[in-house]
Structure formats: structure tokens, C-alpha cells
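Just so it is clear, none of the values below were taken in a lab; they were calculated from the coordinates. Bear in mind the structure is a predicted one, so any value in this text is a computation, not a measurement. Note that each Cβ is placed from the backbone with ideal geometry, even for glycine, and that neighbours are counted across all protein chains shown.
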Ligand code: R2B
Ligand code: URA
């Protein structure tokens with residue numbers, strides 16, 4: 001990674017809202033030497049992945065060792081550290097992950113600005129079997145712009161959102177010899193601002209002014225841009241990573257094929273199993289690297 005002087009660093013005594021911590025030697029040490037930041041939406045999934053890594057990477061029994069939440073006073077985010085891996089929850093959507101990234105990276109940057117940002121989550125697929133896992137190449141907006149618009153002091157700039165394609169290949173390579181029952185593909189992702197309207201769902205509460213044919217036309221148009229899935233954070237992740245020259249990508253399991261249905265109709269067990277797929281890929285990749 002190229003060192004970026006613009007990437008700010010905190011100093012002792014700084015208070016970080018939302019993380020709800022004050023920078024001191026202890027916090028600096030807690031967040032030191034991080035090389036992999038694994039971002040997931042929920043606090044629960046973050047803790048469960050931390051426990052899996054505890055047993056699989058540190059060979060410690062998670063029923064005996066409890067992992068400390070490094071952000072105990074934050075109501076928005078939770079973070080756990082296993083060796084040089086930081087597991088953090090990012091909440092839902094672009095504003096939430098942007099607030100996290102702008103709060104957290106100056107802290108990580110105190111020690112090492114060569115970390116990778118990897119979001120592990122779920123999405124809706126377009127024209128691919130539910131359960132397929134997608135690594136993002138470029139993140140598109142809902143109006144099919146390759147990039148992400150940022151408003152800064154009333155100026156709108158579209159920033160690039162291309163993920164680290166080499167990192168994608170490394171992840172694909174690490175997974176390729178697994179006896180996998182699902183496909184792992186690399187494709188473009190559409191980043192929506194909500195689960196319903198901007199994902200062109202017709203089953204939301206707000207009444208819509210488009211019909212089924214228009215919806216299908218739109219989804220098929222997305223597909224022409226090789227957009228194979230829709231989620232809600234890749235725009236900001238791509239923007240942030242490109243701006244600060246940080247290696248990043250998104251690994252998203254798809255829960256539904258949106259060309260067939262709007263509703264995620266699969267059982268809770270299947271949702272868990274599909275979500276587990278993106279986790280398994282990152283666990284495998286991290287084990288390859290750490291051991
Ligand atoms: C995928 O799933 C969540 C919405 O259900 C959102 O965080 C995302 O990107
Ligand atoms: N997450 C999304 O944002 N959309 C889906 O369709 C499924 C999960």
C-alpha cells in the first residue's frame with residue numbers, strides 16, 4: 001500500500017464519538033498491528049466469527065475463553081481482535097459503515113496503514129442461484145453509475161469504487177480446492193440505499209410507481225453491466241478504500257435470485273447456512289495466511 005499522508009492519525013486524549021473511546025496508550029495497544037479488518041453487519045455475527053477464529057486459529061476453546069469487546073461503550077459497533085485480525089460490526093448501509101471507517105482507520109493507522117478491509121455479508125443475487133457467493137469488482141449506484149457519489153460542502157463528486165482485484169483472486173485461489181457445494185464468482189455489485197425501494201422491491205410498505213415488467217427490465221439492465229448482486233455498503237467501502245489506497249473487497253452470499261422473487265423466502269436455517277458460506281471463505285483465507 002502507498003502511504004497516504006491524508007489519512008489522519010489520532011493523538012492521546014482524542015475522544016472518538018460512536019466508538020465511544022478516548023485515545024490513550026491502552027486503546028492504541030488494543031488496536032495495534034491489525035492487518036485484516038473483517039467487517040460484518042451485525043454485532044452477533046461479528047462475535048460468532050471471532051469465536052470461530054479463536055478456536056480455529058488460536059486453537060482455544062471459546063466456551064472457556066471469552067473474547068473482549070474492544071468497543072464496550074459503543075451502542076453502534078462492536079470489535080474483537082484475534083492476532084492481527086480485527087472483526088468489527090458496521091451496522092446497516094453506507095452512512096453506518098462510513099462513520100465506522102472514518103472513526104476507526106485513524107486509530108489503526110497509528111500502528112500500521114497496510115491493513116485490508118474485507119466486508120463479509122449477504123446480498124440479493126441477479127440471475128444467479130441463491131447461495132452463490134459474490135466478490136465485488138466495481139460497486140455501482142442504483143442509477144447504474146460505476147462509482148459512488150459523495151457530497152462534500154454541497155459539491156458532488158463521483159469517486160471510484162473498484163475493489164482490490166488481486167485480493168479477489170487470492171481469495172478465489174485459496175477457496176478453489178475446497179469441495180464446495182456453491183459457486184464463488186467475481187462480478188459487479190449494485191449498492192442500494194435501502195432494502196426495498198432502491199433495490200426495486202415491490203413488497204415494501206411504500207407504494208411504488210413501477211410495475212413488474214419495469215422492475216424486471218431494470219434488473220435485466222443491471223445484469224448487462226455484469227451486476228450480479230445488490231447490497232448496501234460496497235459503495236462506501238470502495239470509495240474509502242480507493243481514496244486512501246487501502247486494499248478492500250466485499251464477499252457477499254446471495255439469499256435470493258431477484259429475477260425470480262423479491263422476498264427472501266428461504267428458511268431461517270438456510271439463511272444461516274448461506275450467510276455461513278461467505279464466513280467460511282474468509283475463515284479459510286485467513287487460516288491460509290495466518291498459519
Ligand atoms: C445486506 O444485507 C443487509 C440488508 O438486509 C445490508 O447490510 C446489506 O448490505
Ligand atoms: N441484503 C440486501 O441488501 N438485499 C437482499 O436482497 C438480501 C440481502
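When 284, 220, 152, 90 are arranged by Cβ crowding within 10 Å, least crowded first, meaning fewest neighbours, the order is 152, 220, 284, 90. The long axis of helix 43-57 is offset from the longest Cα principal axis of the chain by roughly 60 degrees.
Between residue 177 and residue 11, the simple spin-label model (points 7 angstrom out along Cα→Cβ) gives 5.1 nm. Out of 35, 231, 181, any idea which swings most in a Gaussian network model of the chain, alpha carbons joined below 10 Å? Of 35, 231, 181, the Gaussian network model singles out 181 as fluctuating most. For the chain, the antiparallel share of DSSP beta bridges with both residues in that region comes to about 40%. Between residue 65 and residue 44, the modelled labels are 2.5 nm apart [label points 7 Å from Cα along Cα→Cβ].
Considering the stretch 167-291 at the alpha-carbon level, its Rg and Dmax are found to be 16.4, 54 Å. Helix 94-108 axis versus longest C-alpha principal axis of the chain: approximately 20°, rounded to the nearest ten.
The angle separating the long axis of helix 268-290 from the principal Cα axis of greatest extent in the chain is about 50 degrees. An oblate overall shape is assigned to the stretch 1-139, the ratio a/c of its alpha-carbon gyration tensor axes (a ≥ b ≥ c) being 1.5 or greater and a/b not exceeding b/c.
Need one number: the % of Cα-Cα pairs in the stretch 103-183 sitting beyond the 17 Å mark. Here the long-distance tail beyond 17 Å is 67 percent of all Cα pairs in the stretch 103-183.
The distance between label points at residue 92 and residue 290 comes to 2.9 nm (points 7 Å beyond Cα on the Cα→Cβ vector). For the stretch 232-256, backbone nitrogen atoms closer than 20 Å to the point 7 Å from residue 114 Cα along Cα-to-C-beta are found at 241-249. Each of 191, 228 has some number of other Cβ atoms within 10 Å of its Cβ, and from fewest to most they run 228, 191. Taking the fewest neighbouring Cβ atoms within 10 Å as the starting point, the ordered list for 281, 185 is 185, 281.
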